[in-house]
1. Quick check, is residue 31 modelled with pLDDT under 95, over 30 Å from residue 258 (Cβ atoms) and among the β-branched types (Val, Ile, Thr)?
2. Out of the stretch 7-19, which residues are surrounded by 14 or more Cβ atoms within 10 Å (Cβ to Cβ) and not hydroxyl-bearing (Ser, Thr, Tyr)?
3. Looking only at the stretch 141-156, count how many residues are buried (at least 16 other Cβ atoms within 10 Å of the Cβ), without any contact (Cβ under 8 Å) to a residue 40 or more places away in the chain and more than 19 Å from the chain's Cα centre (by Cα).
4. Limited to the stretch 19-53, what total is found for residues that are in a helix (DSSP H, G or I) and touching a residue at least 12 places away in the same chain (Cβ under 8 Å)?
5. Go through 110, 100, 122, 127 for me and flag whichever is under 27 Å from residue 78 (Cβ atoms), surrounded by fewer than 18 Cβ atoms within 10 Å (Cβ to Cβ) and basic (Lys, Arg).
6. The conditions are (1) more than 28 Å from residue 228 (Cβ to Cβ); (2) among the β-branched types (Val, Ile, Thr); (3) over 21 Å from the mean Cα position of the chain (by Cα), and residue 133 fails exactly one of them. Which is it?
7. Identify the residue in the stretch 181-196 that is surrounded by fewer than 19 Cβ atoms within 10 Å (Cβ to Cβ) and modelled with pLDDT of 90 or more and, among all such residues, is farthest from residue 231 (Cα to Cα).
8. Buried (at least 19 other Cβ atoms within 10 Å of the Cβ) and within 13 Å of the chain's Cα centre (by Cα): is that true of residue 264 in this structure?
Amino acid sequence: MKIALLSRNKHLYSSRRLIEAAEERGHEVRVLDALRCYMNIASHKPTMHYKGDRLQDFEAIIPRIGASITFYGTSVLRQFEVMGVYPLNESVAISRSRDKLRSMQLLSRKGVGMPVTGFANKPDDVKDLIKMVGGAPLVIKLLQGTQGIGVVLAETQKAAESVIEGFMGVKADILVQEYIREAGGADIRCFVIGGKVVASMKRQALPGEFRSNLHRGGTSSLIRITPEERSTAVRAAKIMGLNVAGVDLLRSNHGPVVMEVNSSPGLRGIEEATGKDIAGLIISFIEKNHKMGRTGTKGKG
């Protein structure tokens, strides 16, 4: 099989592991920087070009699109879909999961557990917004933030008002969420492939820190999840439309709540914590499911 890997850095752990896993199984992999791809959007024969060459004959594509290039990256992926190339995750599903507000609204509509979440536009509504999510302490998140950047814990009413008004003052879109104190600075990353949780790990924040992201110094360890947590993770990935997802959960007093559904979850933390060949499982999923033109996005925009 000829596979395209959309990645801006082939030396990153996740990219390297996917290349190794594919080549071990006899597949040919070409790494493509999404920003160097350009397309001819034609009615009868749409094409994709890369550094002067026309790209063709790919049977599947693995998108590893960074948050900072979501718009262009998903546009490139969508062009491959229009050309009939099988995507591991579809462009529409990636765009859906990257929009924090949209993803929360979709999860809410389907009754998936999540923290009480508020969204407003005007400073005049701040006090009522804070009251609506249960008051301080609370978490304030930039809609465009990733890896814990732009996430603030406001421990008092005054601090919450100041931070929210500050973000609004610079026209930054934010979500305000209840703080799940009982989680103790820990969350659970469930790695979902093809509707099944294939691995899970606990991520623990450093002392004095509430963000458990590994990029922020958090530690990971193997954890056994409950049937309810497993079901919640699978449902969240399905609602987003993702074949492969990292679903982040918190253990609250009222059951598991979804913090985020990641469409390009890193492989290092989960492989090191669990000892599982996650990259191999991803390639195996593509082998079983790839088919030219097999994408719900084709022709739908």
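1. Details: modelled with pLDDT under 95: no; over 30 Å from residue 258 (Cβ atoms): yes; among the β-branched types (Val, Ile, Thr): yes.
Taking the combined requirement at face value, the residue does not satisfy it.
2. Initially, the stretch 7-19 is screened for residues surrounded by 14 or more Cβ atoms within 10 Å (Cβ to Cβ), giving 7-8, 10, 12-19.
Answer for the stretch 7-19, where residues must be surrounded by 14 or more Cβ atoms within 10 Å (Cβ to Cβ) and not hydroxyl-bearing (Ser, Thr, Tyr): 8, 10, 12, 16, 17, 18, 19.
3. Residues flagged as buried (at least 16 other Cβ atoms within 10 Å of the Cβ), without any contact (Cβ under 8 Å) to a residue 40 or more places away in the chain and more than 19 Å from the chain's Cα centre (by Cα) within the stretch 141-156 amount to 2.
4. Taking the stretch 19-53 first, the residues in a helix (DSSP H, G or I) are 19-24, 34-36.
Applying the additional criterion that residues be touching a residue at least 12 places away in the same chain (Cβ under 8 Å) yields 19-22, 24, 34-36.
Matching residues across the stretch 19-53 total 8.
5. 110
6. (1)
7. The extreme case among them is 194.
8. So residue 264 fits the description; yes.
The values are calculated or read from the model by the stated rules, or taken from the named source; none is laboratory data. Computed from a predicted model, the values in this text were never measured in an experiment. As a convention, Cβ positions derive from the backbone with ideal geometry for all residues, glycine included, and neighbour counts pool all protein chains shown.
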